[in-house]
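Working notes, beginning with the structure itself.
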Amino acid sequence: MTTDVELLDVERPQPSYDLVSGNRMVAEGALTAGCRFFAGYPIAPAFEVFHVMTEALPQAGGLAVSAPDDITALQYCIGASMAGYRAMTATSGPGWSLMIESVQYALMTETPLVVVVVQRLGPATGGATHGAQGDVRLVEFCTSGGYTIPVFAPSTAADSFALTIEAFNWAERLRMPVVLLSDKEVGTTIQRLDRAELTAPDIVQRAAPFTPVGGPAKVALTGSAHDRCGRLMKPAGEALELLRALEAKVVAQAHAMARFQYRPVSNADVVMISFGVTARAMKEACHHFQDTGERLVTCLKLETLFPVPERIIRHAAASARRILVCEENLTGQYAAVIESVLGRPVERLTKLGALITPDEIIAAVRRTGP
Amino acid sequence: MTGPGRTSWLAETAQLPYCEGCSHASVLHALDQALVSLRLDPADVAIVTDVGCVGLAGELFEAAHTVHALHGRSPATATGLALADEALGPGRLKTVVLIGDGGALVGIGHLVHAALVNADVTVLVHNNSWLGTSRAQPSALAPEGAITAGLAAASFTPPLDIVKLLSAAQAGYLVRTFADDPDLAAAIAAAIDHPGFALIEVLEYCPARNAHRDEAEGRRSDEAVAVFEGKIEPQRVRRPPFVETYRSRHAGVPAPAPRPRLAATYKSTLDRPVCIVVAGTAGEHIQTAAQVLCAAAVTAELDCTQKNDNPVTVGTGFSLSEVILSPFEISFTGIEWPDAIIVTSSEGLAEVRRRGLLGRLAAGGVVVTDKQLEVSSALSLPLRQIASPQHAALAGVAAWLAHSQIFPLEALVDAAGQRGLSAAIGPVLAVSGSARRRPQDDAARD
């Protein structure tokens, strides 16, 4: 005879945990998404992605190549993706700075790929083993012409897994480079994880209109202005239409790409908005206010930074009296993005060189409160 | 795309967009003849062009796949294509790069690595001594004294011998020849036929550059040819392709070890988060000790996070881990008020002091130090002496666990054993035994 209790045991086996970093889960997400090519130039704090991919890809029938520099790494990925294989590289701010030219080339040639940027303190070489969220607008404005490159930002190891798959999916759907914007703390801090609890979107397969170089149909690709057949063309007429289409295809999917966590609270005093590692502190601050009832607050954790998830930002902003944006950089880079969406100033909690703590967020909420 | 039997790979209406007398046209016709003679399937050929005059030609090769790359990056784009085709695809792709002498120096690192990697990439360096499209400066491959846009833009540097350079990079096939070499098509065909990286430097004539020269000096000559001592017959180095080496290196390498599966075996008495800082010297397994603590805590049904820090150098200076253990899900991973600080060396102590951690010890918190360190009211133990410097941190962690009793020491012993640290356990426990909280301590505290 079977009891209900036993049935429950069968459905919910005892959890089995691993200790993992965000960087490891980025690599596992990439492998799950079908990434078969990785070229990397190791850089702190991103190099564990390189290590895991180098260890796992040969066994998965893939290729992991150590490139002599960041530009070569991304160029190898571009070539591999043009040949028809999912490709990824991982870097940090200094490497991303070098890759910007090649990212634009991938955009222009409509080459799908994923670049993982594990942020560290800048500018220049900055603090190699020091965390920061200072590359938000360096990623946003990486193209001449201001094209929107999709950017996903994980806060946890589980996010790192799911959002890497999301990044691959959107790279395939839109045939373009997509950035996973992690940071030193999310990337390298080790945490407990039960893989059985991981959630992941369905994998988007590579399909037409993508056509591989080396396949039976002739392919012509160029980073210069071109017509629909890939022939060089003075930027007029059809070539200009194509330049517009590069942006329009992203904007059209902005709503579908918007990933966030938000629990609506009507008439809240404050809505806190954050992303990446700072969203973890925000979550604790949010729990504090919910537990104590000291303030009516809600929080919006953004997992998609670009295209800007305007709808949820407007919605959350409309439900609260005050808006507090928390991020670990000097000037409040994403706060400026939100201000441009809302057309009014928001409160900024920023910090340079150290994690924003839950206590600091709590204090910021109290600062101008009743 | 038509089959391999075609008589030209260029579009029938193709007009090569070059000045009268420019070598590019004759070299590209030689490339066309080479492709025809090899009877390759056009679907298996990718022509990757760099930026500059010669880059305009790519798309005229209507039969092949064409990729117009960034300035100087074409060798890397092509190598990515070739590597992926060889490792993941049918391995039939012939990749031909057309690059000028300007682009060759922009992408010199790409060329060197492409030669080292030895994927099936053939590079034609069209060396006409200057950056013709911008009609400005001489390239680094130009002979010293070569004049371009007037005397002010003369080359003041000796020419880079790219054949010699790539010879040092073990390039599998290297040739230098002239645009008017009657055997040029055969030379290009041989390079493309070579199964790995090949490079042909073709010394060319640019009428636009020589027009400037005429004004400046009133003479025309192919001084590049003289400087480079003319033609270099094919230099071959027999090397396995990258993918072959890659596969043989990985053959027999076992799959990555399965990841640990930690299940709840022990119980914890913890009813709130505790924050532990472990600090010591890089290279002395500080972060390993913290990870053993985390693994043990997970088997005692606790959530955990471990945030590591060390200088850029991995083997010198301090190493520090911030560990949080909690019966609840942990969100914020930083430590403001440590409940325990475990310090095994003076470097660790210096970092702990720099961060002001001792002054922020939580009420009821404990500091465990090696006995050689002078920290007031710390639990001072012979960590390094008994457990060795390599396991001092683990001994410190064990001592703290024995003292705090938040979960059984056996969990730590298990976790250490699973990480191959069984041999260290005896000395580690010998140290921690002295830290075990005795009933009379509790009585005294009560």
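The values are calculated or read from the model by the stated rules, or taken from the named source; none is laboratory data. Bear in mind the structure is a predicted one, so any value in this text is a computation, not a measurement. Positions of Cβ are generated from backbone atoms using ideal geometry, with glycine treated the same way; all protein chains shown enter the neighbour counts.
Points to keep in mind about this one:
- Subset of region A:268-285 that is surrounded by 24 or more Cβ atoms within 10 Å (Cβ to Cβ) and more than 22 Å from A:PRO345 (Cβ to Cβ) - its residue that is farthest from the chain's Cα centre (by Cα): A:ALA281
- So A:LEU240, is it more than 14 Å from chain B (Cβ to nearest Cβ) and buried (at least 16 other Cβ atoms within 10 Å of the Cβ): no
- Residue in region A:92-107 that is part of a loop (DSSP other than H, G, I, E, B), among the charged types (D, E, K, R) and touching a residue at least 12 places away in the same chain (Cβ under 8 Å) present: no
- Figure legend. Inter-residue proximity from region B:284-303: first residues within 8 Å of chain A (Cβ to nearest Cβ) and closer than 20 Å to B:ALA264 by Cβ, second residues assigned to a loop (DSSP other than H, G, I, E, B) and at pLDDT below 95, beta-carbon distance below 8 Å, spacing 6+ or different chains. Indicated pairs: B:GLN291/B:ARG419; B:ALA295/B:PRO260; B:ALA295/B:ARG419; B:VAL298/B:ALA264.
- Within region A:47-70, the set of residues being surrounded by fewer than 23 Cβ atoms within 10 Å (Cβ to Cβ), within 7 Å of another protein chain (Cβ to nearest Cβ) and in contact (Cβ under 8 Å) with a residue 12 or more places away in the chain comprises A:ALA56, A:PRO68, A:ASP69.
- Any hit, region A:256-264, residues being within 20 Å of the chain's Cα centre (by Cα), outside any helix (DSSP H, G or I) and within 14 Å of another protein chain (Cβ to nearest Cβ): yes
- Scanning region B:75-109 for residues that are in contact (Cβ under 8 Å) with a residue 60 or more places away in the chain and basic (Lys, Arg) returns a single hit, B:LYS94.
- Of the criteria (1) more than 11 Å from chain B (Cβ to nearest Cβ); (2) surrounded by fewer than 24 Cβ atoms within 10 Å (Cβ to Cβ); (3) touching a residue at least 60 places away in the same chain (Cβ under 8 Å), which one A:ALA30 fails: (2)
- Per this entry, B:ALA57 is counted among residues that are in contact (Cβ under 8 Å) with a residue 12 or more places away in the chain and farther than 23 Å from A:PRO68 by Cα.
- From the list A:ALA128, A:ALA153, A:ALA60, the one residue that fits, being modelled with pLDDT of 95 or more and touching a helix residue (DSSP H, G or I) at 6+ places or on another chain (Cβ under 9 Å), is A:ALA153.
- Qualifying residue in region B:240-262 (condition: of a type in the set (Asp, Glu), out of contact with any His (no Cβ under 9 Å at 6 or more places or on another chain) and either assigned by TED's automatic domain parsing to the domain that holds B:GLY80 or within 30 Å of B:LEU373 (Cα to Cα) (or both)): yes
- Test: residue in region B:36-49 that is of a type in the set (Gly, Ala, Ser) and facing chain A (nearest Cβ under 9 Å): yes
- B:GLY315 vs. criteria touching a Gly at 6+ places or on another chain (Cβ under 6 Å) and either more than 10 Å from every other protein chain (Cβ to nearest Cβ) or without any contact (Cβ under 8 Å) to a residue 60 or more places away in the chain (or both): yes
- Only one of the listed residues (B:GLY359, B:GLY365, B:GLY315, B:GLY334) is surrounded by fewer than 20 Cβ atoms within 10 Å (Cβ to Cβ), closer than 28 Å to A:ALA44 by Cβ and not acidic (Asp, Glu). That residue is B:GLY315.
- Residue selected from region B:56-66 under the condition among the small types (Gly, Ala, Ser) and not in a loop (DSSP other than H, G, I, E, B), by the criterion nearest to the other protein chains (Cβ to nearest Cβ): B:GLY58
- Leading residue by the ranking (surrounded by the most Cβ atoms within 10 Å (Cβ to Cβ)) among those in region B:129-140 that are free of Cβ contacts under 8 Å to residues at least 60 places away in the same chain and touching a strand residue (DSSP E or B) at 6+ places or on another chain (Cβ under 8 Å): B:PRO138
- Applying the condition of being touching a helix residue (DSSP H, G or I) at 6+ places or on another chain (Cβ under 6 Å) and part of a helix (DSSP H, G or I) to region A:319-337 and asking which residue is surrounded by the fewest Cβ atoms within 10 Å (Cβ to Cβ) yields A:GLN333.
- Taking region B:26-55 as the range and being charged (D, E, K, R) and in a helix (DSSP H, G or I) as the test, the residues that pass are B:ASP32, B:ASP44.
- Residues located in region B:74-100, provided they are at the interface with chain A (Cβ under 7 Å from one of its Cβ atoms), of a type in the set (A, V, I, L, M) and within 23 Å of the chain's Cα centre (by Cα): B:ALA76, B:ALA78, B:LEU81, B:LEU83, B:ALA84, B:ALA87, B:LEU88
- Subset of region A:266-292 [modelled with pLDDT under 95 and either assigned to a strand (DSSP E or B) or in contact with a Leu (Cβ under 6 Å, 6 or more places away or on another chain) (or both)]: A:ALA268, A:ASP269
- Beta carbons closer than 6 Å, at least 6 apart along the sequence or on distinct chains, pair a first residue in region B:110-128 that is within 14 Å of another protein chain (Cβ to nearest Cβ) with a second that is among the basic types (Lys, Arg) and part of a loop (DSSP other than H, G, I, E, B) for B:ASN118/B:ARG239.
- Among (1) more than 23 Å from A:ILE149 (Cα to Cα); (2) more than 14 Å from every other protein chain (Cβ to nearest Cβ); (3) free of Cβ contacts under 8 Å to residues at least 12 places away in the same chain; (4) not small (Gly, Ala, Ser) - the single one A:HIS287 does not satisfy: (2)
- A:PRO201 satisfies every condition listed in (1) more than 14 Å from chain B (Cβ to nearest Cβ); (2) more than 16 Å from the chain's Cα centre (by Cα); (3) closer than 30 Å to A:LEU19 by Cβ except (2).
- Candidate set from region A:71-91 (those that are among the small types (Gly, Ala, Ser) and touching a residue at least 24 places away in the same chain (Cβ under 8 Å)); member that is surrounded by the most Cβ atoms within 10 Å (Cβ to Cβ): A:ALA80
- In region A:215-233, the residue that is surrounded by the fewest Cβ atoms within 10 Å (Cβ to Cβ) out of those that are assigned to a strand (DSSP E or B) and at the interface with chain B (Cβ under 7 Å from one of its Cβ atoms) is A:LEU232.
- Cβ pairs under 9 Å, 6+ apart, first in region B:407-419 and assigned by TED's automatic domain parsing to the domain that holds B:HIS391, second assigned to a loop (DSSP other than H, G, I, E, B) and of a type in the set (D, E, K, R): B:PHE407/B:LYS267; B:PHE407/B:GLU301; B:PRO408/B:LYS267; B:LEU409/B:ARG436
- Checking A:THR298 against (1) under 26 Å from A:GLY146 (Cβ atoms); (2) more than 14 Å from chain B (Cβ to nearest Cβ), the condition it does not meet: (1)
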